[in-house]
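Reviewing the structure listed below.
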Amino acid sequence: MILDTVNSPADLRALAPDQLTSLAAEIREFVVQAVSVTGGHLGPNLGAVELTLAIHRVFDSPKDAILWDTGHQSYVHKLVTGRREAFAGLRQSGGLSGYPSRSESEHDWVENSHASTILSYAHGLATAVGQSGSGRKVVAVIGDGAMTGGMAFEGLNNLGHSGRRVVIVLNDNGRSYAPTASRLSETLSRLRLNPGWVQLRDRVEHLLRDLPAVGELAYTSLKGAKAAVREVLEPTAFFEALGVRYTGPFDGHDVAGMEDALRNAGEYDGPIVVHVLTQKGRGYPPAEDDDEKCLHDAPIFDPVTGPPKWAPAGYTEAFAQAMVELGERHPQVHAITAAMPGPTGLLPFSERFPDRFHDVGIAEQHAVTAAAGMAMGGLRPVVAVYSTFFTRAFDQANLDVGLHGLPVIFALDRAGITGDDGPSHHGVLDMALCLEIPGMTVFAPSSAQELVAMLRHALTLDGPAVVRYPKGSTRQVPDEEVGSALEARRLRAGEGDVCILAVGKMVEAAEKAAVELAEHDVSVTVWDVRVVKPLDASMLVDAARHRLVVTVEDGIRFGGAGSFMADAMTQIEGAQIEGARLGPPVLVLGTPVAYIPQGKPDRIHADLGLDGPGIAASVTKAWHSLGVGPA
């Protein structure tokens with residue numbers, strides 16, 4: 001196999017055209033087989049095979065900096081930069097990252113997996129290159145919907161203003177997770193590549209110029225009309241108005257054609273866009289035929305039959321069903337997402353209420369402020385995004401929604417430790433951030449039934465609310481146990497030794513810890529906090545009667561729910577806790593302030609001491625430190 005002989009980009013440059021065709025087919029087969037075993041981003045990488053080969057044949061990585069936006073399209077880049085054997089551990093604990101990783105290879109400049117940032121990186125790096133005079137070329141690959149993000153346009157604007165030399169490869173597959181919410185690519189070729197238009201334009205220009213007396217006036221008028229047409233129909237007008245040259249579009253699966261375009265672009269003294277058209281999922285029918293996600297992020301699957309049809313599961317499924325129900329009952333309910341209608345569970349809502357569904361592209365900041373505008377107009381918007389992506393729009397949630405006291409609901413999926421995608425995708429910051437927004441109600445359901453009840457209740461509030469829930473299977477409870485959405489629930493009553501206040505996903509682990517501690521004669525009360533803000537006063541009073549209080553959350557422990565609850569307990573009047581002037585000591589358990597690598601969530605929780613045995617061990621240590629535990 002040709003792929004077996006490729007261990008560095010230099011090996012690609014010796015290959016003949018027919019060998020490149022064979023290599024592309026081998027790479028696609030390799031990627032399908034590898035992802036079928038570990039899971040991973042399938043569609044984006046199948047579409048970027050020839051593009052990656054062309055880039056590495058023209059540019060000299062790592063001397064030339066190749067920067068990947070939406071880094072999930074970098075598998076082929078990893079393959080041709082010497083990491084073929086490491087794919088057996090793709091997205092596994094201690095294994096190959098699913099994104100570029102500076103610790104893996106000198107060929108990876110940016111550890112990037114959040115979209116729309118790479119042009120800003122490129123502007124900064126090109127500025128450094130210009131000052132050093134190193135001659136290094138900067139190549140920024142952006143696509144998979146990333147051009148819908150506002151930061152991409154900020155980067156373009158500043159690149160055009162500065163005139164820095166950057167080759168911008170626009171990998172246009174028309175999609176992110178779903179079809180891209182942008183009209184930029186709809187007319188990117190039109191007249192500019194039409195030979196008939198070019199010939200006719202030139203003939204008319206010459207004829208008008210030769211007309212006596214009125215020739216120059218007519219020619220000037222034609223120039224104005226042509227500019228107006230170009231403004232509507234040509235991408236040149238968009239990019240070059242920003243000071244960025246445009247060339248293309250080119251066939252993103254024609255290596256030779258792209259090599260010529262990239263080589264020429266590399267010689268241009270300024271920022272230049274090389275627009276290439278690719279097919280997401282190319283060469284693998286199950287991925288090509290997947291209209292919604294294009295097998296963007298595939299689970300483990302049989303490569304012969306392909307991955308099963310994607311459908312929401314766990315808490316996402318409960319959210320999906322609840323949104324359709326709420327949409328039926330409340331015509332003012334609108335759903336907003338940032339290029340992720342499928343992963344957030346909003347496809348059923350979009351099909352049932354297409355006029356009340358809004359996919360804004362990879363633009364979380366816009367999604368939140370647009371929701372604020374909707375709420376101002378009397379609508380009840382629900383913004384559904386992953387927890388990790390909500391952090392990109394915190395300022396908008398704080399000032400555009402919170403400051404105005406607007407009734408916007410944030411549905412934050414994948415809250416807490418998420419697993420395979422690593423540090424950029426763990427949702428460990430949202431709770432600490434949301435607790436800082438005045439007037440924000442923070443719900444943390446521990447079951448599917450509670451999630452539904454909390455969404456219903458959130459619609460009755462006059463201000464903002466967030467419902468945050470984890471990835472994975474759901475805990476199920478009888479409907480009659482749900483009760484009021486704003487009340488905590490005591491799951492286990494102890495005798496005054498230890499009280500565990502558990503948040504969301506951590507409820508099950510806390511119950512297991514209580515059973516283990518009881519076997520060692522430590523009596524434990526367990527509360528399901530359910531609503532982190534405002535806290536249930538009866539829960540706090542009960543907790544304060546114990547000798548030790550322990551809070552457990554699937555988020556950062558500094559400034560998170562535990563710190564919030566510990567502070568709230570100091571505000572309880574002494575008379576309310578039977579004459580005690582000071583509350584009991586509080587042990588706060590949660591994730592550390594650290595970038596946590598990829599791995600299976602259960603393994604990560606165990607390593608962090610956030611499973612049943614880990615919580616029990618921490619409680620035992622603290623209990624002994626009080627001098628009241630067994631010898």
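Every read-out reported here was derived from the displayed coordinates using simple, explicitly stated rules and does not represent laboratory data. Note that this is a predicted model, so its numbers are computed, not measured. Note that each Cβ is placed from the backbone with ideal geometry, even for glycine, and that neighbours are counted across all protein chains shown.
Some observations on this one:
- Rounded to 5, the percent of DSSP beta bridges in the chain classed as antiparallel: 15
- Taking PHE394, PHE410 and counting other C-beta atoms within 10 Å, the order from fewest to most: PHE394, PHE410
- Protection-proxy order for peptides 298-307, 465-474, each taking the mean of Cβ atoms within 10 Å per residue, highest first: 465-474, 298-307
- The value given for the chain is a Kirkwood hydrodynamic radius of 26.9 Å, derived from the mean inverse Cα-Cα separation.
- Three-way shape label, segment 52-180, alpha-carbon gyration tensor, a/c 1.5: oblate
- Per DSSP, loop trypsin sites (Lys or Arg not before Pro) in segment 17-99 with at most 12 further Cβ within 10 Å: LYS63
- Computed about the Cα centre, the dipole magnitude for the chain is approximately 1060 debye when only Lys and Arg (+1) and Asp and Glu (-1) carry charge, each at its Cβ.
- Karplus 3J(HN,Hα) series, Hz, for segment 508-524 with 6.51 cos²θ - 1.76 cosθ + 1.60 (x for Gly, Pro): 4, 5, 5, 5, 5, 5, 4, 5, 5, 5, 4, 5, 10, 6, 10, 7, 10
- Extension gain, ARG263 back to ASP602 (0.36 nm per residue minus Cα-Cα distance, nm): 117.3 nm
- Calculated P(r) of segment 443-486 - Cα pairs past 18 Å, %: 25
- Peptides 438-445, 247-254, 136-143 ordered by average Cβ neighbours within 10 Å, highest first: 136-143, 438-445, 247-254
- The phi-based Karplus calculation (6.51 cos²θ - 1.76 cosθ + 1.60; θ = phi - 60°) puts the 3J(HN,Hα) values of segment 454-464 at 5, 4, 4, 5, 4, 5, 8, 7, 8, x, x Hz, whole numbers, x for Gly and Pro.
- The magnitude of the dipole of segment 382-502, with charges of +1 and -1 set on the Cβ of Lys/Arg and Asp/Glu and taken from the Cα centre, is near 140 debye.
- Note: segment 396-497, Cα convex hull, 137 Å³ per residue.
- Rounded tilt (10° steps) of 118-132 against the dominant C-alpha axis of the chain: 70
- Given their separation in residues at 0.36 nm each and the Cα-Cα distance between them, GLU154 and ALA311 gain 53.0 nm when the chain is fully extended.
- Folded to 0 to 90 degrees: helix 17-38 orientation relative to the chain principal axis, Cα: 10
- Degrees, to the nearest 10: 195-210 long Cα axis against longest axis of the chain: 50
- Translational diffusion coefficient (Stokes-Einstein; Kirkwood radius from C-alpha pairs) of segment 1-96 at 10 °C, 1.306 mPa s, in µm²/s: 117
- The order of the peptides 114-121, 332-339, 126-133 by mean Cβ neighbours within 10 Å, most packed first, is 332-339, 114-121, 126-133.
- Hull shadow area, averaged, segment 130-177 [alpha-carbon convex hull, nm²]: 3.8
- Every pair of different Cα atoms in segment 490-625 enters the Kirkwood calculation, which places the hydrodynamic radius at 14.9 Å.
- Note on the chain: lysine pairs with Cα distance below 22 Å, sequence gap of 8 or more or different chains, count 17.
- The overall shape of segment 471-517, judged from the alpha-carbon gyration tensor, is oblate: a/c is not under 1.5, and a/b is no greater than b/c.
- Using distinct alpha-carbon pairs, which all enter the 1/r mean, Kirkwood radius of segment 314-480 in Å: 15.4
- Listed residues TRP310, HIS334, ALA448: farthest to the positive end of the dipole of the chain (Cβ charges): HIS334
- When GluC sites (Glu not before Pro) are flagged only if DSSP places them in a loop and at most 15 other Cβ atoms lie within 10 Å, the longest unflagged stretch of the chain comes out as 268-435.
- DSSP beta bridges in segment 314-480 [antiparallel fraction, %, rounded to 5]: 5
- Dipole size of segment 490-625 about its Cα centre, with +1 on Lys/Arg Cβ and -1 on Asp/Glu Cβ: approximately 280 debye, rounded to the nearest 20.
- Radius of gyration and maximum dimension Dmax of segment 94-134, Cα, Å: 12.4, 38
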